[in-house]
Each structure stands twice: as C-alpha cells, then as structure tokens.
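All remarks here apply to the structure that follows.
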Amino acid sequence: MAIKLKRLWDNLDDEDNLVLLNRPRVSIEIDRYIWNIIEQNIVLPKKIMQSKSYDYTLVVSLSKYNPEKDQYFKFSPYNGFLKETILLSTKDFSTSHYSREDFVDGIKRQRWFSPEKFWINSGDKTALISACADNVTEKITPLEYADLLFDAFGAFLLYNFKKVKKTDLDTLKAKIDNNIVCGFPFPAPFSEQKYQGDDSYFRLTRLSNGIETVLIDIPNVEVFYKQHYKEK
C-alpha cells in the first residue's frame, strides 16, 4: 500500500484560452508536506486508506474560480452552510449538487471545494482533490496555496470517511509550520512544479468542414514555460 500525489492543471480555461502560464508556481514539496501532516495525524491513526489490495493516487486539481461558470457544488463543511429551506427539503446530501445561492453567503464566497469518491485507475484507487478559488493563479503565494490545499484534502476526507471530523482537521491545520512552507523555492523552478503533461507537447485544433485548423501548438511545454519566465 502506497499513497501517491500528482498534480493536474487544465491548460485551457472555459473559453479555450491558454492558461498554462497561469498555474501556481509553487513547489510540489508543499503538497507533500501538507499531505504528510494529514497522513501522520489523521489517515494513519484512523486506519483509513490502508487497504493492502490497492495503492492510492491523489490528484490535486486546483483552478481559478469563475463565478459565471462555477455554479454548482456538493455539500461540504468547507463550502459553508446550506440555507435552512434547502436543509428541510433535502434527504440525501451525499450526491446532490447545489447552486451557490443555496449556500449561506454563497454569492460572496470566493473558494469552493468539489470532493469526489475514489475510482479504480490502472489498479490504483484514484481520487481528484478538487477546489477553485479566486487566487489560484501564477501569483498565489506558498502560504495561500498551502491553506487552500489543506482544505481541499480536508473536504475530500470528510466526503469519503465518516471517521474524520472537521474539528480534527481544524486543530491540525493550526499546526502547519509556515516557516517550512515558505522555505521552499518561490517562484518554484519548472522542475519542482511537477504537473502532469510537463514532459509532453500541447496542441489545440479545431475541425470545420473537414479542415483542421491549429489554434495552439506548443511542441515542448517545458521549453515554452521556461522561455516565458526566463528560466534557464
């Protein structure tokens, strides 16, 4: 049994604009540090994610919050409280999606979490650690990133395991060592970001009347990224 962390970044926004260069420029060591705190203090003591039949893969997928597109979310303590009228009319909160208007202060909220169940992928139990926030850009600081990531992990654990309590996570979050988080390089070099697809090319085409038009053609993601940020 092993628990592996991966990073996923969608290189296109909802209008197919290139946002490859807008991803968080923070070290994957922050992901490993935050998860290690959670694993040592919650996952292992509560004996969850311990099956000997599977390895586990957690895919961190953060994105910039778009209020025009990001409209519906699952119930999670990390998404705030549902309005009383919604609570009285809902029997099963585990699978339902709610509009932002269904949450108390939902219209003003700038960060949302979308916890998912595990699925089996290449023999591993895999889950997406998904969240969107208005500060998920290339300018997000290590401390801001760590704060959001911890809550994304927390939302995932609460959604999947009844043994985990929000109070336990809140207590643990206060123990994050900000000096460690800020000790990792920032902006992190390309080699320390470790997003899926960093070792490949990226291409976007459009087919119309049998004719294929190339809209975006990046033969080498690493070269493209380093040239933009003037990284050697």
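Since every read-out is calculated from the coordinates, none of them should be taken as a lab result. No experiment lies behind these values; they were computed from the predicted model shown. With ideal geometry, Cβ positions are generated from the backbone for all residues, glycine too; neighbour counts draw on all protein chains shown.
Remarks
- P(r) tail fraction, the stretch 3-199 - alpha-carbon pairs more than 26 Å apart, %: 34
- Across all directions, the average projected area of the convex hull around the alpha carbons of the stretch 102-216 is 12.3 nm².
- Low-density loop cleavage sites - trypsin sites (Lys or Arg not before Pro) in the stretch 152-212, where at most 10 other Cβ are within 10 Å (DSSP): K162, K175
- Computed from the C-alpha gyration tensor, the three semi-axes of the ellipsoid equivalent to the stretch 100-150 are 25, 18, 8 Å, from longest to shortest.
- Share, in percent, of DSSP beta bridges within the chain that are antiparallel, nearest 5: 55
- Legend: calculated FRET efficiency, A2 to T171, from the Cβ-Cβ distance at R0 = 22 Å, rounded to 0.05, equals 0.25.
- Debye log10 I(q)/I(0) for the stretch 1-118, one point scatterer per Cα, at q = 0.21 Å⁻¹: -1.23
- Cβ-Cβ FRET estimate between S99 and K230, R0 fixed at 41 Å, reported to 0.05: 0.45
- Spatial separation of Cα centroids for the stretch 33-58 and the stretch 111-183, in angstrom: 13
- Loop-located GluC sites (Glu not before Pro) in the stretch 34-140 (DSSP state not H, G, I, E or B) with no more than 11 neighbouring Cβ atoms inside 10 Å: E68.
- Relative to the compact-globule estimate of 2.2 N^0.38 Å, the Cα radius of gyration of the stretch 158-232 comes out at 1.84.
- The calculated 222 nm mean residue ellipticity attributable to helices in the chain amounts to -7000 deg cm²/dmol, summing -39500 (n - 2.57) over DSSP H runs of n ≥ 4 and dividing by all residues.
- One chain, two ends: I48 and K69. Fully extended at 0.36 nm per residue, the span grows by 4.1 nm beyond their Cα-Cα distance.
- Relative packing of 22-28, 195-201, 76-82, which averages over residues the other C-beta atoms within 10 Å, highest first: 22-28, 76-82, 195-201
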